[in-house]
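Undergrad: Dropping the structure in here first, questions after.
The values are calculated or read from the model by the stated rules, or taken from the named source; none is laboratory data. It should be emphasised that the depicted structure is a prediction, and the values quoted were computed from it without experimental measurement. A quick note on method: Cβ atoms are made from the backbone with ideal geometry, for glycine too, and the neighbour counts reach across all protein chains shown.
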Amino acid sequence: MNEIKKIWRARKWMKSNEPFLYAWHAHVGYVHDLFDEFEHGATVRDVAKNRGMNELLLTRWAEVGVAIGHLKKEKDGTIRSKKNMVESMSKSSDQDVGVLLKEMMELHIPILLSYSDLLIGDDYASYKDDDYAGTVAATSSFIERFAFPKVYQWLQKVDAKSVVDFGAGYAGYLSRIGAKEENMRLVGIEKNRQVCLDAESHIPYRLKSSIDLYPEDMMSWKWDGERFDVAMMNNLLYYFAPDERSHLFQKASEVTNDHGSLIIISPLHESDHGHAFSAAFNSFMSAHSNLHQLPTSTEMIEMAARAGFGLKHMKPIVKEGAWYCLTFQKAS
Ligand SMILES: C[S@@+](CC[C@H](N)C(=O)[O-])C[C@H]1O[C@@H](n2cnc3c(N)ncnc32)[C@H](O)[C@@H]1O
């Protein structure tokens with residue numbers, strides 16, 4: 001009886017790992033454009049030859065794809081990608097979400113796999129900003145679609161005419177604001193030079209002249225004295241150690257008008273929702289020497305208060321990810 005129980009447990013753990021196959025298979029296909037290669041049906045041999053790939057390993061990848069339903073094997077032996085895989089994992093598709101797998105498989109999973117070594121060592125991993133800033137800026141923008149209505153609602157409420165975005169990434173929020181409000185003054189501060197350059201291709205052509213994106217580090221940014229109605233810092237706080245964060249709040253206070261506001265979109269630690277996700281995200285962050293724990297709402301409310309902002313709203317945006325939008329305003 002005990003032996004059966006043990007085998008049953010082993011089976012349960014084996015099965016719990018099965019979903020990993022889907023992400024692994026999609027990630028390999030995304031990175032090497034394999035769903036495009038097989039879009040109209042092709043033999044593994046031809047694709048391996050054309051792309052200079054290892055035919056045996058490509059055969060194995062295709063077998064997994066057929067088994068889990070990402071690919072279909074035709075009667076003549078050719079392999080064809082399922083339509084939804086081409087849509088979601090082809091870099092040329094406007095429905096492409098492969099960058100999310102890139103972040104997960106190349107950043108998060110390797111760190112979680114090295115966790116047991118990190119746990120007993122003295123060192124932390126180092127987040128390589130130059131390699132992944134673009135990936136992270138792109139994945140953050142998935143939250144935009146859900147967060148923007150809350151941001152825009154607040155901008156309308158306070159009749160905002162100018163916004164500065166700290167850590168603006170590809171200037172997604174500024175672009176969405178610009179698309180709705182023609183005469184808004186829109187400024188972004190983004191530390192990563194390459195992200196700033198790449199933002200050019202993300203900002204819609206007609207908005208290019210209305211968004212000023214500066215390649216500056218928030219820690220050394222020399223403010224020229226311009227005052228804004230609203231400051232934003234979205235998905236930024238975990239780049240700063242807890243004792244550095246107050247600098248950002250002070251900066252937001254300094255650059256905003258007397259009744260100015262601060263909007264923060266961030267995953268939260270110890271919030272009411274999404275504990276599994278935020279705990280895993282936090283493990284990933286804390287495993288790095290140059291990334292830091294997720295903020296808690298209490299921490300933000302206290303820091304904002306010290307900078308003169310009072311909390312107005314705190315609403316979940318993506319509950320399973322513990323993502324919230326917090327809005328603060330200076331006391332009248
Ligand atoms: C996770 S992305 C978020 C982008 C955007 N705010 C969003 O929510 O979609 C964070 C961005 O902040 C930038 N960043 C990190 N530290 C910064 C700093 N000290 N000064 C300015 N930007 C910074 C990163 O390069 C990155 O593009």
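Undergrad: How many of the residues in the range 115-170 are more than 16 Å from the ligand (Cβ to nearest atom) and out of contact with any strand residue (DSSP E or B) (no Cβ under 7 Å at 6 or more places or on another chain)?
TA: 12
Undergrad: Is it true that Leu294 is part of a loop (DSSP other than H, G, I, E, B) and modelled with pLDDT of 95 or more? Give the derivation first.
TA: Details: part of a loop (DSSP other than H, G, I, E, B): yes; modelled with pLDDT of 95 or more: yes.
In short, yes.
Undergrad: Pull up the range 300-332, narrow it to residues that are of a type in the set (Ser, Thr, Tyr) and touching a helix residue (DSSP H, G or I) at 6+ places or on another chain (Cβ under 8 Å), then point me to the one that is nearest to Gln250 (Cα to Cα). Outline the logic, then answer.
TA: Here is the first cut: in the range 300-332, the ones of a type in the set (Ser, Thr, Tyr) are 324, 327, 332.
Retained after the next criterion (residues that are touching a helix residue (DSSP H, G or I) at 6+ places or on another chain (Cβ under 8 Å)): 324, 327.
Working: Tyr324: 21, Thr327: 16 Å.
Ranking the candidates gives Thr327 first.
Undergrad: Taking helices (runs of 4 or more DSSP H) that do not extend beyond the range 1-52, which have at least 1 residues that are in contact (Cβ under 8 Å) with a residue 60 or more places away in the chain? Before you say what the answer is, go through the steps one by one.
TA: Values: elements: 2-16, 19-31, 34-37, 44-51.
Per the criteria, 19-31.
Undergrad: For residues in the range 180-194 being more than 9 Å from the ligand (Cβ to nearest atom) and among the charged types (D, E, K, R), which is nearest to Ser220 (Cα to Cα)?
TA: Arg193
Undergrad: Is there a residue in the range 105-119 that is free of Cβ contacts under 8 Å to residues at least 60 places away in the same chain, small (Gly, Ala, Ser) and assigned to a loop (DSSP other than H, G, I, E, B)?
TA: no
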